[in-house]
1. Take Val98 and tell me if it is crowded, with 18+ Cβ neighbours inside 10 Å, hydrophobic (A, V, I, L, M, F, W, C) and either modelled with pLDDT under 95 or assigned to a loop (DSSP other than H, G, I, E, B) (or both).
2. Does region 113-124 contain any residue that is open to solvent by 30 Å² or more (accessible area, probe 1.4 Å), modelled with pLDDT of 95 or more and part of a strand (DSSP E or B)?
3. Among the residues of region 1-53, what is the count of those that are open to solvent by less than 30 Å² (accessible area, probe 1.4 Å), among the polar types (S, T, N, Q) and either in a helix (DSSP H, G or I) or without any contact (Cβ under 8 Å) to a residue 12 or more places away in the chain (or both)?
4. In region 55-72, which residues are assigned to a loop (DSSP other than H, G, I, E, B) and under 27 Å from Arg87 (Cβ atoms)?
5. Of all residues in region 82-120, which are of a type in the set (Phe, Trp, Tyr) and touching a Pro at 6+ places or on another chain (Cβ under 9 Å)?
6. Please give the number of the condition Leu112 fails out of (1) touching a residue at least 24 places away in the same chain (Cβ under 8 Å); (2) more than 23 Å from Tyr150 (Cα to Cα).
Amino acid sequence: MTSTVPTVVSRAAGNGRVIAASIKPGAQLTDSIEQVCRDHGVHTAVILSVIGTIQEVYLRNPRDITTLPIHREHEFADEIDTVVLQRPMEILSIQGNVTTLDGKLWAHCHALFSEAGGNVRGGHVFRATIWSQGEVFLQELTDIRIDREYDREVTGLPQIRLHGCDVGPADGR
């Protein structure tokens, strides 16, 4: 029996405002991005760019032995690897999006950081504290609403659900 569940679902979105934000020392990065979105009435966004420095970060990466579904993904859960780095580091790149999870805005960030000597560390950002500054640029998405729901059966992780706008052409154009 073949499955009728599509392997890819897509929707087209319009480009909204580009929002620039300056995050001050000591602020929590993901909380600040969520606050910027609340302040500007943004429900769905792409994180275009984040640069600056951090002084502490909690990163998540799968372990070699991690299997799906993941039942415990929080900081220091036994199914994932949580790395805590506590030293000033450059933000080389942060990408991600802002959607809603359980009715609240959620900044989902993946990042690369450079520590002294140029060693690069990265992963999913649970949280990070700004050291000297954070320069954030967000692209609001219009005509679409993206929320997340936990996929308890396959991945155990919060997966995006697309609402609004028409489905794009089947040939990808």
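The values are calculated or read from the model by the stated rules, or taken from the named source; none is laboratory data. These figures come from a predicted structure and were not determined experimentally. Here the Cβ is made from the backbone with ideal geometry for all residues, glycine too, and neighbour counts use every protein chain on show. In case anyone asks, the SASA skips ligands and DNA or RNA and just uses the protein heavy atoms, side chains included. Shrake-Rupley method; radii C 1.70, N 1.55, O 1.52, S 1.80 Å.
1. Working: crowded, with 18+ Cβ neighbours inside 10 Å: yes; hydrophobic (A, V, I, L, M, F, W, C): yes; either modelled with pLDDT under 95 or assigned to a loop (DSSP other than H, G, I, E, B) (or both): no.
No: the conditions fail for Val98.
2. Yes, region 113-124 contains at least one residue that is open to solvent by 30 Å² or more (accessible area, probe 1.4 Å), modelled with pLDDT of 95 or more and part of a strand (DSSP E or B).
3. Within region 1-53, residues that are open to solvent by less than 30 Å² (accessible area, probe 1.4 Å), among the polar types (S, T, N, Q) and either in a helix (DSSP H, G or I) or without any contact (Cβ under 8 Å) to a residue 12 or more places away in the chain (or both) number 2.
4. Just the residues of region 55-72 that are assigned to a loop (DSSP other than H, G, I, E, B), to begin with: 63-72.
Arg63, Asp64, Thr66, listed by residue number.
5. In the first step, residues of region 82-120 are kept if they are of a type in the set (Phe, Trp, Tyr); the result is 106, 113.
Passing the criteria: only Trp106.
6. Unmet condition: (1).
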